[in-house]
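The block underneath contains the structure these notes are about, expressed in structure tokens.
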Amino acid sequence: MPITISQINTAEVLRCMGCPPEKADGVLTAQVESCARELLAAARPRWSWRAAEIALEADGVRLAGGLLLPGKDLRTHLAGCERAVLFCATLGAEADALIRRTERLDMAKALILDCCASAAVEEVCDRIEAELQEKFPGCSFPFRYSPGYGDLPLEVQGPLLDLLDAPRRAGLCATASHLLTPRKSVTAILGVSSGEIEKKKRSCLGCPAQGSCQYRKAGGHCGIS
């Protein structure tokens, strides 16, 4: 399904580059804005979704139909939810191709484009999440949760894409090493509760990159918490 975005949050791009937005000078900001426009012109966002009832089990979360999403972190995260919405999103192969072409000519610009793409796919996911929440009026939602976060392994990428018919509907696949292709893509799980649930925030404490995070080493954060 198509979705469009018309702008990219330059502050998020700068954070992705390891530069606190308040420390960016006019030259760098102008470079980011130029790359953002170029990336937006190349991107062709697509996505797919489906909802499933869930059961919390000792080893993780079981989707109706049988797939187990293993790990205690997701099970804790979805406590109080009766359903989950699964979705995937991608900027498309065109965004990847733009970054690869630029790498051969200007690595500094390619880095900015790569960070623009990371911010853009998060913006796409924000739009998708808002659209999906409208389909469940009166419900509550913890933040979306992706493979690789906490103890949810990347190995579930392929099964999730199969459930979403992602290769056909979004042109999105997983490699043998469980990485998504096109590269600027996301799979996510959004819990749905018919009642009130505890508000949760993504935080450094639960992040799998906590020990090696470049943002924390620089005294900042990635902006998700």
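Quick notes on this one:
- Positions within the range 101-122 being farther than 19 Å from residue 4 by Cα, among the aliphatic types (A, V, I, L, M) and crowded, with 18+ Cβ neighbours inside 10 Å, in sequence order: 110, 112
- Just so you know, in the range 123-144 the residues that are small (Gly, Ala, Ser) and over 15 Å from the mean Cα position of the chain (by Cα) include one that is least open to solvent (accessible area, probe 1.4 Å), and it is 140.
- For the range 145-194, the tally of residues that are under 21 Å from residue 54 (Cα atoms), open to solvent by 30 Å² or more (accessible area, probe 1.4 Å), under 15 Å from the mean Cα position of the chain (by Cα) and among the aliphatic types (A, V, I, L, M) stands at 1.
Let's see how each residue does on (1) in contact with a helix residue (DSSP H, G or I) (Cβ under 9 Å, 6 or more places away or on another chain); (2) among the small types (Gly, Ala, Ser):
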position	(1), (2)
83	no, no
96	yes, no
102	yes, no
109	yes, no
126	no, no
142	yes, no
148	yes, yes
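- Count of the range 101-132 residues which are more than 22 Å from residue 9 (Cα to Cα) and not hydrophobic (A, V, I, L, M, F, W, C): 4
- Residue in the range 197-208 that is at pLDDT 95 or above and under 28 Å from residue 7 (Cα atoms) present: no
- Selected residue [in contact with a Gly (Cβ under 9 Å, 6 or more places away or on another chain) and modelled with pLDDT of 95 or more] from 80, 92: 92
- Filtering the range 30-59 to residues that are small (Gly, Ala, Ser) and within 21 Å of the chain's Cα centre (by Cα) leaves 36, 41, 42, 43, 48, 51, 52.
- Residue in the range 113-123 that is more than 21 Å from residue 30 (Cβ to Cβ) and assigned to a helix (DSSP H, G or I) present: yes
The values are calculated or read from the model by the stated rules, or taken from the named source; none is laboratory data. Because the structure is predicted, anything quoted here is derived from the model rather than measured. Quick reminder, even Gly has a Cβ in these numbers, built from the backbone with ideal geometry, and neighbours come from all protein chains shown. Surface areas here come from the heavy atoms of the whole protein model, side chains and all, with no ligands, DNA or RNA. Shrake-Rupley method; radii C 1.70, N 1.55, O 1.52, S 1.80 Å.
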